[in-house]
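The values are calculated or read from the model by the stated rules, or taken from the named source; none is laboratory data. Just so it is clear, the structure is predicted and the values come from calculations on it, not from any experiment. Neighbour counts run over all protein chains shown; Cβ positions are idealised from the backbone, glycine included. Side chains are part of the model used for accessible areas, which takes the heavy atoms of the whole protein and leaves out ligands, DNA and RNA. Shrake-Rupley method; radii C 1.70, N 1.55, O 1.52, S 1.80 Å.
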Amino acid sequence: MRLYLLALNPTDSVTEGFLPAAARLGLDVTVLTDQPDAHRASYPDIEILPCDVRDFRAVVTRISTHHRPDAVFTNSDHLQTQAALAAAYFGLPGKDWRATLRCKDKAEMRRRLADAGLDTVWSTELTGPTALPDAPYPCVVKPREGVASEDVVLVDTAEDLVTRSKEIFDRRPGTVLVVEEYLPGELHTLETLGDGKTRHVLGGFHTELSPPPYFIEERLTFVPAHPEPVVEQVLAQLDALGVGFGACHTEFVVHEGRARLIEVNYRAIGDQCDLLLARLLEIPLFEHILQAHLGEPLPADLGARRDGAARLDYPCAERPGSLTDAPTATELTLDGVHLTYRPLRATGERHALYGTNRDYLGVLRATGTDQPTVDRVAADFLAGLRWDIQP
């Protein structure tokens, strides 16, 4: 059976998750990408074909002139609609392209939820720097189709909005920004997996953010089960968006018992959280996701382990400059807590200070069975690490 995997840049989810899972399932894999050299360097034994993967027509043509597909899949935020359209063209299982578009387009997501009577958030779209004196400040400014906290910023006044939006438009000509009211509450995620008929809730995370005006995710702590009323509210909103096939990573805030969506990423959670989930829950997570796209039903019971505790920490650069010394990759077990540290920035690289996830220096995954012990061991391990950044 042949799996076509659409990708932009190489990611840990694909390199360490989906490709090994495809091999275990005995699938023939063809990667379609607009960055073939980067992927060949990451996994030289996989068939890689150059393709303008942002254009669904190019994807359809590339597949039609190659081997017959059994599944078309992507874990990229940017390529979900293209993969969905290509799968539909070939009559294969996949996500509804309308649902992928509603999730990717943050303004359309707001309109859809409002039309369904589930939530109304004040929001508007900008194509250039504009003062909105009547907006309900503070507001959040973000690219309509952005990811990973890139160019997401809190603004307190109309003047601040003009300044911040101009900075973003200068960096990203032609982009469209969404300005929306700030939603108070603790930030959480819900991780789901479905085959179109059966939907499993895998748990979620509590997310700790950097101080405003930015929204960098600095730590995620695993939550085995959110309160049932909260889960019901989130799932109802996902249903309104048409989400129910494959993996989905949903970010939401809870304030006074009310769950309100921040964004829906219609793919598996990234930044190595998916790798942690597979280990923590002791399930073949990546295989399940691929099998759904092959048309195989999910088991009624995934057999997930429910006594696990975990967290992820993302040490961030605090100033611009060149990274001259940093910890290397490490894996060990301390006091029953399994620790996996991976660097995310190579020594010798020079970077600005971005105010986004691009400031990450590394990621620490910690799993165990007791949250206080996991927290203590992770904190002690991080306290012993050092990064040297020179101007």
Determine the per residue accessible area of the range 133-201 with all protein chains present and a 1.4 angstrom probe, expressed in square angstrom.
-> 44
So, with a 1.4 angstrom probe, what is the percent of accessible area on the range 314-360 that is carbon and sulfur?
-> 49
Near Glu331, within a Cβ-to-Cβ distance under 12 Å, what is the net charge of the other residues, with Lys and Arg +1 and Asp and Glu -1?
-> +3
Here P(r) for the range 241-345, Cα-Cα distances in 10 Å bins, as whole percents, is 10, 31, 33, 21, 5, 0
List the longest stretch of the chain that has no exposed loop site; here a site is one of the trypsin sites (Lys or Arg not before Pro) assigned by DSSP to anything other than H, G, I, E or B, with at most 14 other Cβ within 10 Å.
-> 1-196
Would you work out which of Ser64, Thr356, Thr192 lies farthest towards the positive end of the dipole of the chain? Charges go on Cβ: Lys and Arg +1, Asp and Glu -1.
-> Ser64
Filtered GluC sites (Glu not before Pro), the range 182-271: DSSP coil and at most 13 other beta carbons within 10 Å | Glu256
When the C-alpha atoms of the chain are aligned to their principal axes, what extent does each axis show, in angstrom, from largest down?
-> 56, 51, 44
Lys/Arg Cβ at +1, Asp/Glu Cβ at -1, dipole of the chain taken about the Cα centre: which of Ala225, Ala23, Ala247 is farthest positive-ward?
-> Ala23
Computed helical MRE - 222 nm, the chain, DSSP H runs ≥ 4 contributing -39500 (n - 2.57), nearest 500 = -8000 deg cm²/dmol
Dipole of the chain [Lys/Arg +1, Asp/Glu -1 at C-beta], most positive-end residue of Ala309, Val234, Gln371 | Val234
Please get the size of the charge dipole for the chain, origin at its Cα centre, with Cβ charges of +1 on Lys and Arg and -1 on Asp and Glu, quoted in debye to the nearest 20.
-> 840
In debye, nearest 20: dipole of the range 111-222 around its Cα centre with unit charges on the Cβ of K, R (+) and D, E (-)?
-> 380
Of Lys106/Lys197; Lys104/Lys166; Lys142/Lys166; Lys95/Lys142, which ones are farther than 20 Å apart at the Cα?
-> Lys106/Lys197; Lys104/Lys166; Lys95/Lys142
Rg(Cα)/(2.2 N^0.38 Å) for the range 314-391, N = residue count | 1.18
Net charge contributed by nearby residues that have their C-beta within less than 13 Å of Val53 (K/R +1, D/E -1) = -1
Environment charge of Glu349, counting only residues whose C-beta is closer than 13 Å and scoring Lys/Arg +1, Asp/Glu -1 = 0
Charged-residue dipole, Cβ positions (Lys, Arg, Asp, Glu), the range 301-354 about Cα centre, Debye nearest 20 | 180
